[in-house]
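Report on the following structure.
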Amino acid sequence: MIEYRNLRIALLGAGNVGSQVARLLLENGRELADRAGAGLELVGIAVRNPDAERAVDLPRELFTTDAQSLVVGADIVIELIGGLEPARTLILEALNSGADVITGNKALLATHGAELFEAAEQVGAQLYYEAAVAGAIPIIRPLRESLAGDNINRVMGIVNGTTNFILDRMTTLGESQEQALAVATDLGYAEADPTADIEGYDAAQKASILAGLAFHTIVPIESVYREGITGVTLEQVEAARRAGFAVKLLAICERISADGAPDGVSARVYPALIPSTHPLAAVHGGKNAVFIEAEAAGDLMFYGAGAGGTETASAVLGDLVSAARRHVIGGPGVGESHSADLTILPIDDIITRYNVRLDVLDKPGVLAAVATIFSEHGVSLETVEQAVEETDAATATLVIGTHRATEAALAATVSALADSDVVRSVTSVLRVEGS
Ligand code: HSE
(Lines give C-alpha, C1' and ligand atoms only; values in the text may rest on other atoms or scores of the structure.)
Protein backbone atom coordinates (compact mmCIF):
# COMPACT_ATOMS: atom_id res chain seq x y z
CA MET A 1 0.00 0.00 0.00
CA ILE A 2 1.42 3.41 -0.97
CA GLU A 3 2.12 5.73 1.97
CA TYR A 4 0.92 9.27 1.24
CA ARG A 5 1.65 12.56 2.88
CA ASN A 6 -1.42 13.43 4.95
CA LEU A 7 -3.33 16.63 4.23
CA ARG A 8 -5.24 18.08 7.19
CA ILE A 9 -8.89 18.64 6.32
CA ALA A 10 -11.03 20.92 8.51
CA LEU A 11 -14.79 20.80 8.07
CA LEU A 12 -16.93 23.73 9.17
CA GLY A 13 -20.55 22.64 9.65
CA ALA A 14 -22.22 19.25 10.02
CA GLY A 15 -25.68 19.99 8.67
CA ASN A 16 -27.41 18.19 5.83
CA VAL A 17 -24.43 18.44 3.45
CA GLY A 18 -21.57 18.68 5.97
CA SER A 19 -22.49 15.45 7.78
CA GLN A 20 -22.62 13.56 4.47
CA VAL A 21 -19.25 14.99 3.43
CA ALA A 22 -17.78 13.77 6.73
CA ARG A 23 -19.40 10.33 6.37
CA LEU A 24 -18.21 9.82 2.79
CA LEU A 25 -14.73 11.09 3.59
CA LEU A 26 -14.43 8.71 6.54
CA GLU A 27 -15.87 5.77 4.58
CA ASN A 28 -14.02 6.31 1.30
CA GLY A 29 -10.88 8.08 2.55
CA ARG A 30 -8.43 5.49 1.24
CA GLU A 31 -9.92 5.47 -2.25
CA LEU A 32 -10.01 9.26 -2.39
CA ALA A 33 -6.39 9.33 -1.22
CA ASP A 34 -5.41 7.05 -4.12
CA ARG A 35 -7.20 9.37 -6.54
CA ALA A 36 -5.68 12.51 -5.03
CA GLY A 37 -2.19 11.18 -4.30
CA ALA A 38 -2.41 12.44 -0.72
CA GLY A 39 -3.96 11.23 2.52
CA LEU A 40 -7.10 13.15 3.47
CA GLU A 41 -7.23 13.32 7.24
CA LEU A 42 -10.39 14.83 8.68
CA VAL A 43 -8.88 16.60 11.69
CA GLY A 44 -12.04 18.18 13.05
CA ILE A 45 -15.61 19.32 12.44
CA ALA A 46 -16.61 22.73 13.80
CA VAL A 47 -20.24 22.84 14.94
CA ARG A 48 -22.34 25.08 17.16
CA ASN A 49 -23.73 22.18 19.18
CA PRO A 50 -21.83 18.85 19.29
CA ASP A 51 -24.85 17.20 20.95
CA ALA A 52 -27.37 18.15 18.24
CA GLU A 53 -29.18 15.24 16.62
CA ARG A 54 -27.72 14.42 13.20
CA ALA A 55 -28.81 12.10 10.39
CA VAL A 56 -25.31 10.58 10.38
CA ASP A 57 -23.39 9.08 13.31
CA LEU A 58 -20.00 10.78 13.36
CA PRO A 59 -17.10 10.26 15.80
CA ARG A 60 -17.76 12.54 18.78
CA GLU A 61 -14.05 13.35 19.20
CA LEU A 62 -14.00 15.15 15.83
CA PHE A 63 -16.45 17.82 16.98
CA THR A 64 -15.27 21.18 18.22
CA THR A 65 -17.01 24.49 18.82
CA ASP A 66 -13.75 26.37 18.16
CA ALA A 67 -13.88 26.92 14.40
CA GLN A 68 -11.11 29.51 14.47
CA SER A 69 -8.50 27.17 15.98
CA LEU A 70 -9.54 24.38 13.62
CA VAL A 71 -9.02 26.55 10.56
CA VAL A 72 -5.48 27.54 11.50
CA GLY A 73 -3.12 24.72 10.61
CA ALA A 74 -5.44 23.00 8.14
CA ASP A 75 -4.29 22.36 4.56
CA ILE A 76 -7.83 22.40 3.20
CA VAL A 77 -10.89 23.98 4.85
CA ILE A 78 -14.40 22.96 3.79
CA GLU A 79 -16.94 25.65 4.70
CA LEU A 80 -20.51 24.38 4.86
CA ILE A 81 -22.01 26.55 7.60
CA GLY A 82 -23.76 28.91 5.17
CA GLY A 83 -24.69 32.56 5.75
CA LEU A 84 -22.39 35.56 5.49
CA GLU A 85 -20.77 35.60 8.93
CA PRO A 86 -18.82 33.97 10.48
CA ALA A 87 -18.31 32.10 7.16
CA ARG A 88 -16.61 35.09 5.48
CA THR A 89 -14.19 35.73 8.35
CA LEU A 90 -13.32 32.05 8.72
CA ILE A 91 -12.66 31.67 4.98
CA LEU A 92 -10.42 34.75 4.98
CA GLU A 93 -8.53 33.37 7.99
CA ALA A 94 -8.14 30.00 6.29
CA LEU A 95 -6.86 31.57 3.05
CA ASN A 96 -4.50 33.88 4.90
CA SER A 97 -3.04 30.94 6.80
CA GLY A 98 -2.28 29.21 3.49
CA ALA A 99 -5.18 26.76 3.22
CA ASP A 100 -7.22 26.11 0.12
CA VAL A 101 -10.93 26.56 0.76
CA ILE A 102 -13.96 24.68 -0.53
CA THR A 103 -17.34 26.27 -0.02
CA GLY A 104 -20.94 25.66 -1.04
CA ASN A 105 -21.99 29.09 0.15
CA LYS A 106 -23.76 30.81 -2.76
CA ALA A 107 -24.97 33.76 -0.67
CA LEU A 108 -21.43 34.50 0.46
CA LEU A 109 -19.95 34.19 -3.04
CA ALA A 110 -22.68 36.37 -4.58
CA THR A 111 -22.12 39.03 -1.91
CA HIS A 112 -18.38 38.89 -1.09
CA GLY A 113 -16.98 36.77 -3.94
CA ALA A 114 -14.67 39.49 -5.27
CA GLU A 115 -13.09 40.00 -1.84
CA LEU A 116 -12.61 36.26 -1.26
CA PHE A 117 -11.12 35.59 -4.72
CA GLU A 118 -8.77 38.53 -4.27
CA ALA A 119 -7.67 37.19 -0.85
CA ALA A 120 -7.03 33.74 -2.35
CA GLU A 121 -4.98 35.23 -5.19
CA GLN A 122 -2.89 37.34 -2.83
CA VAL A 123 -1.63 34.24 -1.00
CA GLY A 124 -1.62 31.82 -3.94
CA ALA A 125 -4.42 29.69 -2.48
CA GLN A 126 -7.54 28.54 -4.32
CA LEU A 127 -11.22 28.79 -3.60
CA TYR A 128 -13.38 25.92 -4.91
CA TYR A 129 -17.19 26.18 -5.05
CA GLU A 130 -18.73 23.47 -7.24
CA ALA A 131 -21.47 22.88 -4.64
CA ALA A 132 -22.61 26.51 -4.62
CA VAL A 133 -24.71 26.25 -7.80
CA ALA A 134 -27.09 23.42 -8.72
CA GLY A 135 -25.97 20.94 -6.01
CA ALA A 136 -24.58 17.76 -7.54
CA ILE A 137 -24.50 19.06 -11.12
CA PRO A 138 -20.98 19.77 -12.39
CA ILE A 139 -21.41 23.30 -13.73
CA ILE A 140 -18.72 25.47 -12.12
CA ARG A 141 -15.81 23.39 -13.46
CA PRO A 142 -17.30 23.11 -16.99
CA LEU A 143 -17.71 26.90 -17.13
CA ARG A 144 -14.40 27.68 -15.45
CA GLU A 145 -12.27 25.14 -17.30
CA SER A 146 -13.90 23.08 -20.06
CA LEU A 147 -15.51 26.11 -21.75
CA ALA A 148 -12.76 28.61 -20.93
CA GLY A 149 -11.66 28.55 -24.58
CA ASP A 150 -15.12 29.23 -25.98
CA ASN A 151 -17.38 32.28 -26.05
CA ILE A 152 -20.62 31.81 -24.15
CA ASN A 153 -23.66 33.67 -25.42
CA ARG A 154 -26.22 32.55 -22.90
CA VAL A 155 -26.68 30.48 -19.76
CA MET A 156 -30.26 29.65 -18.89
CA GLY A 157 -30.84 27.63 -15.76
CA ILE A 158 -33.48 26.09 -13.57
CA VAL A 159 -31.34 26.47 -10.46
CA ASN A 160 -33.94 26.39 -7.69
CA GLY A 161 -35.51 23.02 -6.98
CA THR A 162 -38.26 24.28 -4.68
CA THR A 163 -39.80 26.61 -7.25
CA ASN A 164 -39.44 24.06 -10.04
CA PHE A 165 -41.25 21.53 -7.85
CA ILE A 166 -44.07 24.02 -7.18
CA LEU A 167 -44.49 25.13 -10.82
CA ASP A 168 -44.32 21.53 -12.00
CA ARG A 169 -47.12 20.45 -9.64
CA MET A 170 -49.22 23.43 -10.74
CA THR A 171 -48.68 22.34 -14.36
CA THR A 172 -49.06 18.58 -14.08
CA LEU A 173 -51.53 18.24 -11.17
CA GLY A 174 -53.43 21.52 -11.35
CA GLU A 175 -52.55 22.38 -7.74
CA SER A 176 -52.59 26.00 -6.58
CA GLN A 177 -49.27 27.57 -5.64
CA GLU A 178 -50.23 27.37 -1.93
CA GLN A 179 -51.07 23.65 -2.17
CA ALA A 180 -47.84 22.85 -4.03
CA LEU A 181 -45.76 24.86 -1.54
CA ALA A 182 -47.34 22.93 1.35
CA VAL A 183 -46.29 19.63 -0.29
CA ALA A 184 -42.76 21.02 -0.94
CA THR A 185 -42.54 21.94 2.76
CA ASP A 186 -43.79 18.51 3.90
CA LEU A 187 -41.23 16.75 1.70
CA GLY A 188 -38.42 18.96 3.00
CA TYR A 189 -37.76 20.68 -0.37
CA ALA A 190 -38.77 24.10 0.91
CA GLU A 191 -37.36 25.68 4.05
CA ALA A 192 -39.70 26.60 6.94
CA ASP A 193 -39.30 30.14 5.56
CA PRO A 194 -39.37 29.62 1.78
CA THR A 195 -38.92 33.33 0.95
CA ALA A 196 -35.42 32.93 -0.54
CA ASP A 197 -36.72 30.25 -2.90
CA ILE A 198 -40.10 31.57 -4.01
CA GLU A 199 -39.02 35.22 -4.24
CA GLY A 200 -36.04 34.24 -6.42
CA TYR A 201 -33.22 35.36 -4.08
CA ASP A 202 -31.61 31.90 -4.11
CA ALA A 203 -31.72 31.74 -7.92
CA ALA A 204 -30.37 35.31 -8.19
CA GLN A 205 -27.31 34.39 -6.09
CA LYS A 206 -26.66 31.47 -8.42
CA ALA A 207 -27.18 33.71 -11.50
CA SER A 208 -24.57 36.12 -10.14
CA ILE A 209 -22.03 33.27 -9.85
CA LEU A 210 -22.85 31.74 -13.25
CA ALA A 211 -22.76 35.09 -15.08
CA GLY A 212 -19.39 35.94 -13.53
CA LEU A 213 -17.90 32.68 -14.77
CA ALA A 214 -19.55 32.70 -18.18
CA PHE A 215 -18.58 36.27 -19.04
CA HIS A 216 -15.30 36.73 -17.13
CA THR A 217 -16.79 39.70 -15.34
CA ILE A 218 -17.69 40.38 -11.70
CA VAL A 219 -21.50 40.38 -11.54
CA PRO A 220 -22.54 41.64 -8.09
CA ILE A 221 -25.79 40.29 -6.65
CA GLU A 222 -27.28 43.83 -6.64
CA SER A 223 -27.03 43.91 -10.43
CA VAL A 224 -29.09 40.74 -10.91
CA TYR A 225 -32.71 41.59 -11.74
CA ARG A 226 -35.08 39.37 -9.74
CA GLU A 227 -38.74 38.41 -9.75
CA GLY A 228 -40.02 35.36 -7.87
CA ILE A 229 -42.95 33.07 -8.59
CA THR A 230 -45.49 34.45 -6.09
CA GLY A 231 -47.35 36.30 -8.86
CA VAL A 232 -47.71 33.18 -11.05
CA THR A 233 -51.30 31.94 -11.07
CA LEU A 234 -52.78 28.57 -11.89
CA GLU A 235 -54.67 30.28 -14.74
CA GLN A 236 -51.36 31.46 -16.26
CA VAL A 237 -49.81 28.01 -15.93
CA GLU A 238 -52.83 26.31 -17.51
CA ALA A 239 -53.10 28.83 -20.35
CA ALA A 240 -49.38 28.34 -21.00
CA ARG A 241 -49.76 24.56 -21.11
CA ARG A 242 -52.68 24.81 -23.57
CA ALA A 243 -50.56 27.08 -25.78
CA GLY A 244 -47.60 24.67 -25.78
CA PHE A 245 -45.42 26.33 -23.14
CA ALA A 246 -44.17 25.57 -19.63
CA VAL A 247 -43.75 28.23 -16.95
CA LYS A 248 -40.31 27.96 -15.32
CA LEU A 249 -38.35 30.17 -12.93
CA LEU A 250 -35.29 30.89 -15.05
CA ALA A 251 -31.89 32.32 -14.15
CA ILE A 252 -30.69 33.90 -17.37
CA CYS A 253 -27.17 35.17 -17.97
CA GLU A 254 -26.75 36.68 -21.40
CA ARG A 255 -24.10 38.41 -23.46
CA ILE A 256 -25.83 41.19 -25.36
CA SER A 257 -23.87 42.66 -28.24
CA ALA A 258 -26.26 42.80 -31.18
CA ASP A 259 -26.17 45.76 -33.54
CA GLY A 260 -28.09 48.65 -32.09
CA ALA A 261 -28.39 47.06 -28.61
CA PRO A 262 -26.24 48.15 -25.68
CA ASP A 263 -23.07 46.06 -25.30
CA GLY A 264 -22.76 44.11 -22.06
CA VAL A 265 -24.07 41.37 -19.85
CA SER A 266 -27.51 40.77 -18.40
CA ALA A 267 -28.19 38.58 -15.36
CA ARG A 268 -31.82 38.13 -14.39
CA VAL A 269 -34.25 35.80 -12.69
CA TYR A 270 -37.95 35.64 -13.46
CA PRO A 271 -40.75 33.22 -14.24
CA ALA A 272 -41.00 32.84 -18.02
CA LEU A 273 -42.68 30.76 -20.70
CA ILE A 274 -40.51 28.29 -22.54
CA PRO A 275 -41.75 26.13 -25.44
CA SER A 276 -42.66 22.62 -24.25
CA THR A 277 -40.18 21.33 -26.85
CA HIS A 278 -37.23 23.10 -25.16
CA PRO A 279 -35.02 20.71 -23.10
CA LEU A 280 -35.57 22.82 -19.98
CA ALA A 281 -39.34 22.19 -20.19
CA ALA A 282 -38.62 18.51 -19.49
CA VAL A 283 -36.99 19.29 -16.13
CA HIS A 284 -39.61 18.12 -13.64
CA GLY A 285 -40.03 18.00 -9.87
CA GLY A 286 -37.22 19.39 -7.75
CA LYS A 287 -34.51 18.77 -10.35
CA ASN A 288 -32.18 21.47 -11.69
CA ALA A 289 -30.70 21.97 -15.16
CA VAL A 290 -28.45 24.50 -16.84
CA PHE A 291 -28.63 25.09 -20.59
CA ILE A 292 -25.61 26.78 -22.17
CA GLU A 293 -25.40 28.31 -25.63
CA ALA A 294 -21.74 28.63 -26.64
CA GLU A 295 -20.31 29.99 -29.87
CA ALA A 296 -18.18 26.96 -30.82
CA ALA A 297 -19.61 24.17 -28.65
CA GLY A 298 -23.22 24.96 -29.54
CA ASP A 299 -25.95 23.99 -27.07
CA LEU A 300 -25.10 22.01 -23.93
CA MET A 301 -27.31 20.91 -21.06
CA PHE A 302 -26.35 19.85 -17.53
CA TYR A 303 -29.08 18.10 -15.51
CA GLY A 304 -29.45 16.53 -12.07
CA ALA A 305 -30.05 17.01 -8.36
CA GLY A 306 -29.81 20.64 -7.30
CA ALA A 307 -29.93 19.88 -3.59
CA GLY A 308 -29.74 17.02 -1.08
CA GLY A 309 -27.06 16.11 1.44
CA THR A 310 -25.39 13.17 -0.31
CA GLU A 311 -25.83 14.65 -3.79
CA THR A 312 -24.27 18.00 -2.86
CA ALA A 313 -21.52 16.18 -0.91
CA SER A 314 -20.46 14.64 -4.23
CA ALA A 315 -19.64 18.12 -5.57
CA VAL A 316 -17.76 19.03 -2.37
CA LEU A 317 -15.68 15.84 -2.48
CA GLY A 318 -14.83 16.44 -6.15
CA ASP A 319 -13.44 19.82 -5.09
CA LEU A 320 -11.57 18.13 -2.25
CA VAL A 321 -9.80 15.72 -4.61
CA SER A 322 -8.92 18.65 -6.94
CA ALA A 323 -7.58 20.71 -4.03
CA ALA A 324 -5.54 17.76 -2.75
CA ARG A 325 -4.05 17.11 -6.20
CA ARG A 326 -3.03 20.75 -6.37
CA HIS A 327 -1.31 20.46 -2.99
CA VAL A 328 0.61 17.43 -4.21
CA ILE A 329 1.83 19.23 -7.34
CA GLY A 330 2.44 22.54 -5.52
CA GLY A 331 2.38 26.04 -6.96
CA PRO A 332 -0.15 28.83 -6.63
CA GLY A 333 -3.90 28.45 -7.17
CA VAL A 334 -5.55 29.48 -10.40
CA GLY A 335 -7.43 32.71 -9.79
CA GLU A 336 -10.78 33.74 -11.24
CA SER A 337 -10.80 35.35 -14.65
CA HIS A 338 -12.49 38.74 -14.64
CA SER A 339 -10.56 39.93 -17.64
CA ALA A 340 -13.51 40.93 -19.80
CA ASP A 341 -14.94 43.35 -17.21
CA LEU A 342 -18.11 43.90 -19.23
CA THR A 343 -20.83 46.42 -18.44
CA ILE A 344 -23.77 44.96 -16.56
CA LEU A 345 -26.95 46.06 -18.28
CA PRO A 346 -30.12 47.12 -16.46
CA ILE A 347 -33.33 45.16 -17.04
CA ASP A 348 -34.76 47.94 -19.26
CA ASP A 349 -32.09 47.16 -21.88
CA ILE A 350 -32.81 43.46 -22.24
CA ILE A 351 -34.58 42.25 -25.33
CA THR A 352 -36.95 39.32 -25.35
CA ARG A 353 -40.42 38.24 -26.45
CA TYR A 354 -43.59 38.67 -24.43
CA ASN A 355 -46.95 37.00 -23.99
CA VAL A 356 -49.65 39.48 -22.95
CA ARG A 357 -53.25 38.61 -22.00
CA LEU A 358 -55.86 41.36 -21.99
CA ASP A 359 -59.54 41.57 -21.19
CA VAL A 360 -60.96 44.04 -23.72
CA LEU A 361 -64.37 45.39 -24.78
CA ASP A 362 -65.91 43.00 -27.28
CA LYS A 363 -66.84 45.52 -29.99
CA PRO A 364 -65.67 46.64 -33.45
CA GLY A 365 -62.37 48.54 -33.66
CA VAL A 366 -60.93 47.23 -30.39
CA LEU A 367 -58.35 44.95 -32.00
CA ALA A 368 -57.11 47.82 -34.17
CA ALA A 369 -56.87 50.12 -31.13
CA VAL A 370 -54.88 47.54 -29.20
CA ALA A 371 -52.57 46.88 -32.17
CA THR A 372 -51.99 50.64 -32.50
CA ILE A 373 -50.84 50.89 -28.87
CA PHE A 374 -48.24 48.16 -29.46
CA SER A 375 -47.04 49.75 -32.69
CA GLU A 376 -46.84 53.25 -31.16
CA HIS A 377 -44.31 51.87 -28.67
CA GLY A 378 -42.29 50.01 -31.30
CA VAL A 379 -43.42 46.55 -30.20
CA SER A 380 -44.20 44.31 -33.15
CA LEU A 381 -46.93 41.65 -32.85
CA GLU A 382 -46.24 38.06 -33.82
CA THR A 383 -49.52 36.37 -32.87
CA VAL A 384 -52.95 37.57 -31.79
CA GLU A 385 -55.62 35.15 -30.59
CA GLN A 386 -58.98 35.53 -28.99
CA ALA A 387 -59.12 33.11 -26.06
CA VAL A 388 -62.16 30.87 -25.73
CA GLU A 389 -62.68 31.48 -22.02
CA GLU A 390 -64.53 34.80 -22.43
CA THR A 391 -65.68 36.27 -19.15
CA ASP A 392 -69.01 37.76 -20.31
CA ALA A 393 -70.75 38.76 -23.53
CA ALA A 394 -69.26 42.27 -23.49
CA THR A 395 -65.68 41.17 -22.79
CA ALA A 396 -63.17 39.31 -24.95
CA THR A 397 -59.80 37.93 -23.87
CA LEU A 398 -56.92 38.59 -26.24
CA VAL A 399 -53.64 36.70 -26.07
CA ILE A 400 -50.85 38.57 -27.85
CA GLY A 401 -47.39 37.21 -28.62
CA THR A 402 -44.81 39.85 -29.51
CA HIS A 403 -41.64 39.79 -31.55
CA ARG A 404 -38.46 40.67 -29.69
CA ALA A 405 -38.67 44.04 -27.96
CA THR A 406 -36.90 45.85 -25.16
CA GLU A 407 -38.20 45.59 -21.63
CA ALA A 408 -38.56 49.38 -21.56
CA ALA A 409 -40.76 49.38 -24.70
CA LEU A 410 -42.92 46.57 -23.34
CA ALA A 411 -43.35 48.29 -19.94
CA ALA A 412 -44.48 51.49 -21.69
CA THR A 413 -46.88 49.46 -23.87
CA VAL A 414 -48.44 47.69 -20.88
CA SER A 415 -48.89 50.98 -19.07
CA ALA A 416 -50.62 52.51 -22.14
CA LEU A 417 -52.82 49.41 -22.52
CA ALA A 418 -53.89 49.65 -18.87
CA ASP A 419 -54.89 53.31 -19.45
CA SER A 420 -56.78 52.62 -22.66
CA ASP A 421 -60.59 52.91 -22.79
CA VAL A 422 -60.92 49.67 -24.77
CA VAL A 423 -58.93 47.56 -22.29
CA ARG A 424 -60.70 46.35 -19.16
CA SER A 425 -57.53 44.88 -17.64
CA VAL A 426 -54.09 43.48 -18.49
CA THR A 427 -54.40 40.08 -16.80
CA SER A 428 -50.98 38.58 -17.52
CA VAL A 429 -47.58 39.59 -18.86
CA LEU A 430 -44.96 36.85 -19.13
CA ARG A 431 -41.66 36.87 -20.95
CA VAL A 432 -41.05 34.15 -23.53
CA GLU A 433 -37.57 32.59 -23.54
CA GLY A 434 -35.82 29.80 -25.36
CA SER A 435 -37.40 30.17 -28.79
N1 HSE B 1 -33.23 25.94 -1.69
C2 HSE B 1 -32.47 25.47 -2.78
C3 HSE B 1 -33.41 24.86 -3.84
C4 HSE B 1 -31.46 24.44 -2.31
O5 HSE B 1 -34.62 24.75 -3.60
O6 HSE B 1 -32.95 24.53 -4.91
C7 HSE B 1 -30.22 24.37 -3.12
O8 HSE B 1 -29.52 25.57 -3.21
Scanning segment 239-263 residue by residue, those surrounded by 19 or more Cβ atoms within 10 Å (Cβ to Cβ) and either β-branched (Val, Ile, Thr) or in a strand (DSSP E or B) (or both) turn out to be Phe245, Ala246, Val247, Lys248, Leu249, Leu250, Ala251, Ile252, Cys253, Glu254, Arg255
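Quick one: count up the residues across segment 94-141 that are more than 20 Å from Gly331 (Cα to Cα) and free of Cβ contacts under 8 Å to residues at least 40 places away in the same chain. Give the derivation first.
Step one: of segment 94-141, the residues more than 20 Å from Gly331 (Cα to Cα) are 103-115, 130-140.
Of the ones still in play, those that are also free of Cβ contacts under 8 Å to residues at least 40 places away in the same chain are 103, 105, 108, 112, 115.
Final tally of qualifying residues: 5.
Going residue by residue through segment 74-85, is there one that turns out to be touching a strand residue (DSSP E or B) at 6+ places or on another chain (Cβ under 9 Å), within 16 Å of the ligand (Cβ to nearest atom), of a type in the set (Asp, Glu) and in contact (Cβ under 8 Å) with a residue 60 or more places away in the chain? Steps first, please.
First, the residues of segment 74-85 that are touching a strand residue (DSSP E or B) at 6+ places or on another chain (Cβ under 9 Å): 74-81.
Pick out the ones that are also within 16 Å of the ligand (Cβ to nearest atom) and you get 79-81.
Okay, now just the ones that are also of a type in the set (Asp, Glu), so 79.
With in contact (Cβ under 8 Å) with a residue 60 or more places away in the chain added as a condition, the list becomes 79.
Scanning segment 74-85 turns up at least one residue that is touching a strand residue (DSSP E or B) at 6+ places or on another chain (Cβ under 9 Å), within 16 Å of the ligand (Cβ to nearest atom), of a type in the set (Asp, Glu) and in contact (Cβ under 8 Å) with a residue 60 or more places away in the chain.
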Considering only residues that are surrounded by 18 or more Cβ atoms within 10 Å (Cβ to Cβ) and part of a loop (DSSP other than H, G, I, E, B), which ones fall in segment 279-311? Val283, Gly286, Gly306, Ala307, Gly308
Name the single residue, out of those in segment 114-145 being more than 16 Å from the ligand (Cβ to nearest atom) and small (Gly, Ala, Ser), that is surrounded by the fewest Cβ atoms within 10 Å (Cβ to Cβ). Gly124
Only one residue in Ala211, Ala204 is assigned to a helix (DSSP H, G or I), over 21 Å from Glu311 (Cα atoms) and within 16 Å of the ligand (Cβ to nearest atom). Which one? Ala204
All conditions in (1) free of Cβ contacts under 8 Å to residues at least 24 places away in the same chain; (2) closer than 17 Å to His327 by Cα; (3) of a type in the set (Val, Ile, Thr) are true of Thr64 except (2)
Only one of these conditions is not met by Asp421: (1) open to solvent by 30 Å² or more (accessible area, probe 1.4 Å); (2) more than 29 Å from Ala246 (Cβ to Cβ); (3) in contact with a helix residue (DSSP H, G or I) (Cβ under 7 Å, 6 or more places away or on another chain). Which number is it? (3)
Output for segment 145-199, where each listed residue is within 15 Å of Ala134 (Cβ to Cβ), assigned to a helix (DSSP H, G or I) and either among the small types (Gly, Ala, Ser) or over 20 Å from the mean Cα position of the chain (by Cα) (or both): Gly161
Counting only residues that are in contact (Cβ under 8 Å) with a residue 40 or more places away in the chain, in a strand (DSSP E or B) and not polar (S, T, N, Q), segment 363-403 contains a total of 4
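Condition (residue is open to solvent by 40 Å² or more (accessible area, probe 1.4 Å) and either closer than 23 Å to Gly308 by Cα or modelled with pLDDT under 95 (or both)) applied to segment 99-112: is it met by at least one residue?
yes
Going by what's in this entry, would Arg35 be described as surrounded by fewer than 20 Cβ atoms within 10 Å (Cβ to Cβ) and free of Cβ contacts under 8 Å to residues at least 24 places away in the same chain? Break it down stepwise before answering.
Details: surrounded by fewer than 20 Cβ atoms within 10 Å (Cβ to Cβ): yes; free of Cβ contacts under 8 Å to residues at least 24 places away in the same chain: no.
Judged against the criteria, Arg35 is not a match.
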Considering Ala33, Ala14, Ala67, which residue is within 26 Å of Ala190 (Cβ to Cβ) and small (Gly, Ala, Ser)? Ala14
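The values are calculated or read from the model by the stated rules, or taken from the named source; none is laboratory data. Bear in mind that the values here come from a model prediction, so they are computed numbers and not experimental data. Here the Cβ is made from the backbone with ideal geometry for all residues, glycine too, and neighbour counts use every protein chain on show. Protein only, heavy atoms only, side chains kept; ligands, DNA and RNA dropped before computing areas. Shrake-Rupley method; radii C 1.70, N 1.55, O 1.52, S 1.80 Å.
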